[in-house]
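Q: Let me give you the structure first, and then I'll get to my questions.
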Amino acid sequence: VVEREPRSVTIARLELLAFDGNTARLAVDCSKGTYIRTLVEDIGEQLGCGAYVAELRRTQAGPFTLAQTVTLEELEAVHAEGGNEAVDRFLMPSDSGLLDWPLLQFSEHSAFYWLNGQPVRAPDAPKFGMVRVQDHNGRFIGIGEVSEDGRIAPRRLIRSE
């Protein structure tokens, strides 16, 4: 048995979708770091009957849902019909998973220094935390972190050249 260190997680929704005999089907909306198998074991312990996960399916990760997914077979069929250009319609902007992060748009001057690893000042920056950054043309160029002195330090850079 592997002991897991207890951690604080948030369960926003725990819904019983179906119950048949000794099998329950649940829907869970939870914070990152939640171990669903541990949650189910804890529920079984509280009920005094034990419980385990027989099947687990992630239906959402961050802003991405199953409705946005494409199977390999679908991609192959689209590629067979229209080549790489047809497959391009499935591509998403590289910052699409970060749309809830604050957005900063740098001037051409600031973007140059930032893309070369230098922290820069941004008057409209939040006081702390992570931000997504665009250049003066609106292109996503990376993620940064607001430092104690208020400058935006580059953490992950994306170059288009």
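The values are calculated or read from the model by the stated rules, or taken from the named source; none is laboratory data. Note that the structure is predicted; figures quoted are calculated from it, not measured. No Cβ is skipped: glycine too gets one built from the backbone with ideal geometry, and neighbour counts run over all protein chains shown.
Q: Among the residues of region 69-82, is any in contact with a helix residue (DSSP H, G or I) (Cβ under 9 Å, 6 or more places away or on another chain), touching a residue at least 12 places away in the same chain (Cβ under 8 Å) and of a type in the set (Asp, Glu)?
A: There is no residue in region 69-82 that is in contact with a helix residue (DSSP H, G or I) (Cβ under 9 Å, 6 or more places away or on another chain), touching a residue at least 12 places away in the same chain (Cβ under 8 Å) and of a type in the set (Asp, Glu).
Q: Looking only at region 23-80, count how many residues are closer than 23 Å to Gly97 by Cα and assigned to a helix (DSSP H, G or I).
A: Qualifying residue count for the region: 7.
Q: Here's a follow-up. Have a look at Arg121, Arg132, Arg155 and point out the one that is of a type in the set (Lys, Arg), more than 26 Å from Thr65 (Cβ to Cβ) and in contact with a helix residue (DSSP H, G or I) (Cβ under 9 Å, 6 or more places away or on another chain).
A: Arg121
Q: Taking region 109-155 on its own, how many of its residues are surrounded by 14 or more Cβ atoms within 10 Å (Cβ to Cβ), of a type in the set (A, V, I, L, M, F, W, C) and in a loop (DSSP other than H, G, I, E, B)?
A: 2
Q: Let me ask something else. Looking at region 47-58 only, could you name the residues that are of a type outside the set (A, V, I, L, M, F, W, C) and free of Cβ contacts under 8 Å to residues at least 12 places away in the same chain?
A: Gly48, Gly50, Glu55, Arg57, Arg58
Q: Answer yes if at least one residue in region 96-107 is assigned to a loop (DSSP other than H, G, I, E, B), modelled with pLDDT of 95 or more and either at positive phi or buried (at least 17 other Cβ atoms within 10 Å of the Cβ) (or both), and no otherwise. Spell out how you get there, then give the answer.
A: Of all residues in region 96-107, those assigned to a loop (DSSP other than H, G, I, E, B) come to 99-102, 106-107.
Next cut, modelled with pLDDT of 95 or more only: 101-102, 106-107.
In the following step, the residues that additionally are either at positive phi or buried (at least 17 other Cβ atoms within 10 Å of the Cβ) (or both) were identified as 106.
Within region 96-107, one or more residues are assigned to a loop (DSSP other than H, G, I, E, B), modelled with pLDDT of 95 or more and either at positive phi or buried (at least 17 other Cβ atoms within 10 Å of the Cβ) (or both).
Q: Any residue in region 84-93 that is hydrophobic (A, V, I, L, M, F, W, C), more than 30 Å from Arg156 (Cα to Cα) and part of a helix (DSSP H, G or I)?
A: So far as region 84-93 goes, no, none of its residues is hydrophobic (A, V, I, L, M, F, W, C), more than 30 Å from Arg156 (Cα to Cα) and part of a helix (DSSP H, G or I).
Q: Within the set of pairs 6+ apart or on separate chains, which have a first residue in region 104-123 that is within 13 Å of Asp135 (Cα to Cα), a second that is of a type in the set (A, V, I, L, M, F, W, C) and modelled with pLDDT under 95, and C-beta atoms under 8 Å apart?
A: Leu104/Ala122; Leu104/Ala125; Phe106/Ala122; Ser110/Ala122
Q: Next question, about the same structure. Scan region 71-80 and give yes if some residue there is surrounded by fewer than 11 Cβ atoms within 10 Å (Cβ to Cβ) and within 27 Å of Gly142 (Cβ to Cβ), otherwise no.
A: Looking for residues that are surrounded by fewer than 11 Cβ atoms within 10 Å (Cβ to Cβ) and within 27 Å of Gly142 (Cβ to Cβ), one finds none in region 71-80, hence no.
Q: Just to verify a result, which residue in region 1-28, among those that are closer than 25 Å to Pro63 by Cβ and modelled with pLDDT under 95, is nearest to the chain's Cα centre (by Cα)?
A: Val9
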